[in-house]
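Written out below as structure tokens is the structure these notes cover.
The values are calculated or read from the model by the stated rules, or taken from the named source; none is laboratory data. Here the structure is a predicted model, which is why all the values come from computation and not from measurement. Please note that ligands, DNA and RNA were not included when accessible areas were found on the heavy atoms of the full protein model with its side chains. Shrake-Rupley method; radii C 1.70, N 1.55, O 1.52, S 1.80 Å.
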Amino acid sequence: RFYRLLGSTSDHQIFLGRASRERDSDALNDMKHHHKLTVALCLIWASSILYGEMFAFWVPSLFTCSWPHHHLLKSDGVESDVKFTKVAIVTDPQLMDKTSFRLSSKTLALEVAQFYTDVNMRRSFFQSVLPFKPDVVLFLGDYFDGGPFLPEEEWYESLSRFKHVFGMNSQGQAGDVPTFYISGNHDIGYSRVASHKLDVISRYEKAFGSRNRRFMIGSTEFISIDAQAIDGNPQKELALEVWKFVQNVSSDAKSHPRVLLTHIPLYRPDQTPCGPHRASSVIDQRLWRHFKDQEVMYQNYITAESSKKLLELIKPTLVLSGHDHDQCTLTHKSEAGSVTEHTLGTISWQQGNLYPSFMLLSVPNAIHQNSSDQDNMLHTQLCFLPRQLFIYIWYLSLFVVTLLALLLWPNHGVSFLNNAADTISNVMKLSFLSDVTKEKNEDENCEYEMVWDAEGSMHLVKKVLQAPVKRQSDKSHVERGNAVMRSAARKNDIENVMDSNVGAGVSDPLMRSASKSRTKLVIQRVIRTIMMSIVIAAFNVPIYMMLLFKDWVEK
């Protein structure tokens, strides 16, 4: 018995050697499947990066947006030979600084946030706005985040960043496009701050021009006001300066359509609907004044009295505003008639709006005397920019899917035929369950013998046992055989114990070998995942970095 068990152990060793060779062959096939997987993931990542970092910013100019005057027909009262000046309007970039997150200057977190936000806005401006080839660019305020509170040196650093982001240092593209600016509360502060920091106003006007001004674009006059001071203390210099400017505009005869530019929107009642493009909930009016000098510390909208007065004195055809960071379109009623106001959303994805935007405005170069409605000659088109937050969420999701795919991908790949075969096999097993049971019963009368061929392959040969023939005379020996059966049972128990003891010694190495194989498989998968991840990164990181710095370098 001992030598027979020893021979059986040798047979197991030969079997394990055969299995080891088969595992090596399977490992080569696994590597081929995972190489294909790696190539597929590289291509998916490259496509995602190219779209998220470049192609997505081409979508507005190629597919989703166009100059509004291109859609006009003669039936709209517009002659086909009318020429238009194309105006692009941007608002609320609010470049990040130390006041954004209350971080000290030059910290790594702040530098990274500034860089990625600036790159995004630069891409938006150069790849989404400038491809429309505007004749004029309008900025509606809030160029910095903490403008009034930045020291002189840091303010000029932010100004340099602003010029770089929007191409004011460029030659032949953005630098040659006439640009006009209006002040925002994040540039000079509300009247409470501005009245105590006149040097802030001085440095702003030195860089961006007068806060209250009028200029012509095409056949239309644009009136920009310092909305932060208009509701301030009427006895103080800032508010008096704004209202004096408005009175001068009103005293002049209105010979051209007028557009009012104000950073803070005109008054609107609480919960006024803002149209289909509004993404966030409507913010109600909030106005905070300082208890001593009654200067404004914060406000959402210009007060109702000031708004009514502005509409009556300036008589604008159109009102353009920012400040709200979200889109809003509504109509104001005044003695001069109905006036539409467009509040533009921010161009920055970091300012609370998941759908940043800009606006295209078509201004006629000349007003024809036979036009039925001169005030309706201005046409606007709201354009949306890529949703940067969704792009980053897609990158993160793709990263997780990549790791799971490399770790859990089946060893032999994924095949439709294999899955179909497994399904059919399961159905057949359920359908012929009775046949399986029958086969099991037949197997009880069979034994299997291991046979090895010349190549060392093991085969199992099925042999049918001859069933003992029962005779009538056997019945007489039942009682007599009880003692013999008990004796045989004891003998069988002893042999079974011996077999189990020796068999346990044989099976323990097999169990340990199986456990080691599983551990080795896990380690191999982890190492393979790391190696494949390095390959994917080595292919795609250079593409990402090239696109990133291509858009940041001065053109």
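Structure summary
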item: Per-residue SASA entry for residue 230, accessible area with 1.4 Å probe, Å² rounded to 10; result: 10
item: In Å², nearest 10: area of residue 255 left accessible to a 1.4 Å probe; result: 90
item: The range 93-161 - accessible surface per residue (Å², probe 1.4 Å); result: 38
item: Kirkwood-based Rg to Rh ratio, the range 173-326, C-alpha trace; result: 0.96
item: Rule-of-thumb Rg ratio for the range 188-239 [Cα; 2.2 N^0.38 Å; N residues]; result: 1.27
item: Accessible area of residue 237 in the full protein assembly, 1.4 Å probe (Å², nearest 10); result: 130
item: P(r) weight above 14 Å for the range 249-336, C-alpha pairs, percent; result: 69
item: Rg in Å to one decimal, and Dmax rounded to a whole Å, for the range 67-212 via C-alpha atoms; result: 17.9, 59
item: Alpha carbon convex hull of the range 205-278, volume per residue in cubic angstrom; result: 154
item: Reference-scaled alpha-carbon Rg (2.2 N^0.38 Å with N residues) for the range 160-213; result: 1.30
